[in-house]
Structures are given as C-alpha cells and as structure tokens.
Amino acid sequence: MLILASQSPRRSDLLREAGVDFKVVIRETQELHDASMMPEALCAYNAAAKALAVATEYPDDIVIGADTLVFIDDEPLGKPADEADALMMLSQLQGRTHCVCTAVAICMPGGERRDFHEMSYVTFKPMTHEQLKEYISVVHVLDKAGSYAMQEHSELIVERFEGDRDNVIGLPITRLLEVLALA
C-alpha cells in the first residue's frame, strides 16, 4: 500500500490525477523553520520527519512525506498566519523571482529510503497593493506556502515560471513516479 503522510489536499489531488492508489495517514510532527539552513536541507528534514512518523507504524508499506517552501533571498516563506501576513509575503514576491523547493522522503518496506528534492523558479508580475488584495479575495491563501496557489488564478500574479509546475503546487509527481518506478 502507498501512504501519503501529508494533509495537503493538493498533494492528494496530484496523486489521484496520476492514477495512483493511496491512503492518507498523518502523524503530528514538529517542522523546522530554520532560515540558516539551505532550502533543500530544510525541506528534506521536514519531509523526512513526516514520512518517518508514519513509517514506524507501517513498516511494510511505502510512505511518502513531502514539504514545500517558498524562498525569497534565501528566507523561507511558509504558510501565512493571517491575511495581513499573506499580503506582506505577496508584497515581498511581487515583481521578483523566487524559488519553490519541494523535498520528498520515501520510506520503502524494509527500511530503504529514496529521497529527492525539486526546485522551480517563479517570477511574479509587478503589482499594486490593490491587485494583491484582489488576489487574496479570490484565492484562499492561508494554507499555502508563500501565500499563493499556482493552480488557482496564477494568471493574476505569475509572469513566468521555470521548472515543474506540480512542484510549485506541492508534489513533483513525474519525478515521484520515476523514483517509485511506477511511471
């Protein structure tokens, strides 16, 4: 059985759209928010914590943990605390290019680990304060790293991106399937 150790509805949607049969199991973990760590190391630590918390209970299954963060000037932007925080994050990102890092930790039966990370780069349009507020009014941003959703009204804020779009959404599904040898 494949287990997704994530409560992200976007990750579940991506797996379902790829035709993968899985179940979601979540265990409480303490995520790091250490800005002194490199993006891929910070995301890898958090992804592994999520996967290992579930894999100890399901040692005969494949358990996938993932963590996605937005980085601007090497500073991680997680999920906003409230709309004011979201507006502040979007203001930092507007008119600039930022990095989106997703790390995936896969615990295989027998204790083998298959881990990887993916980096994508997103450039936001220059926007006014009013345009940012309009975006927040049409997209629920409070549960999204960096306060935006690539899959929801990205045309309002994104000028261009390089890399894997699914990575920006929260799970680089093509790479995951290759690593799992399901592709």
*asked:* Any residue that is in contact with an Asp or Glu (Cβ under 6 Å, 6 or more places away or on another chain), in contact (Cβ under 8 Å) with a residue 40 or more places away in the chain and outside any loop (DSSP other than H, G, I, E, B) - is there at least one of those in the stretch 137-160?
replied: no
*Within the bounds of the stretch 16-38, is there any residue that is buried (at least 18 other Cβ atoms within 10 Å of the Cβ) and within 17 Å of K144 (Cβ to Cβ)?*
no
*Could you tell me which of the residues M89, M37 is over 20 Å from R10 (Cα atoms), touching a residue at least 12 places away in the same chain (Cβ under 8 Å) and of a type in the set (A, V, I, L, M)?*
M89
_Residue in the stretch 161-174 that is surrounded by the most Cβ atoms within 10 Å (Cβ to Cβ), counting only those that are without any contact (Cβ under 8 Å) to a residue 60 or more places away in the chain and among the charged types (D, E, K, R)_ = D164
*From the options T123, T102, residue that is over 23 Å from D13 (Cβ atoms), touching a residue at least 12 places away in the same chain (Cβ under 8 Å) and not in a helix (DSSP H, G or I)*: T123
*Please tell me if V70 is in contact with a Cys (Cβ under 8 Å, 6 or more places away or on another chain), under 24 Å from E40 (Cα atoms), in contact (Cβ under 8 Å) with a residue 60 or more places away in the chain and crowded, with 22+ Cβ neighbours inside 10 Å.*
yes
*Quick one: which residue in D13, D61 is under 22 Å from A149 (Cα atoms) and out of contact with any Gly (no Cβ under 6 Å at 6 or more places or on another chain)?*
D13
*asked:* Please pick out the residue among T123, T102, T97 that is touching a Gly at 6+ places or on another chain (Cβ under 7 Å), modelled with pLDDT of 95 or more, within 24 Å of E162 (Cα to Cα) and not small (G, A, S).
replied: T102
_If I filter the stretch 49-65 for residues that are in contact (Cβ under 8 Å) with a residue 24 or more places away in the chain, under 28 Å from V139 (Cβ atoms) and in contact with a Cys (Cβ under 9 Å, 6 or more places away or on another chain), do I get at least one hit?_
yes
*Out of all the residues in the stretch 79-91, is one or more in contact with a strand residue (DSSP E or B) (Cβ under 9 Å, 6 or more places away or on another chain), within 30 Å of H140 (Cα to Cα) and not hydrophobic (A, V, I, L, M, F, W, C)?*
no
*Is it true that some residue in the stretch 170-180 is of a type in the set (A, V, I, L, M) and in contact with a Gly (Cβ under 6 Å, 6 or more places away or on another chain)?*
no
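The values are calculated or read from the model by the stated rules, or taken from the named source; none is laboratory data. Computed from a prediction, not measured in an experiment: that's the story for all the values here. Quick reminder, even Gly has a Cβ in these numbers, built from the backbone with ideal geometry, and neighbours come from all protein chains shown.
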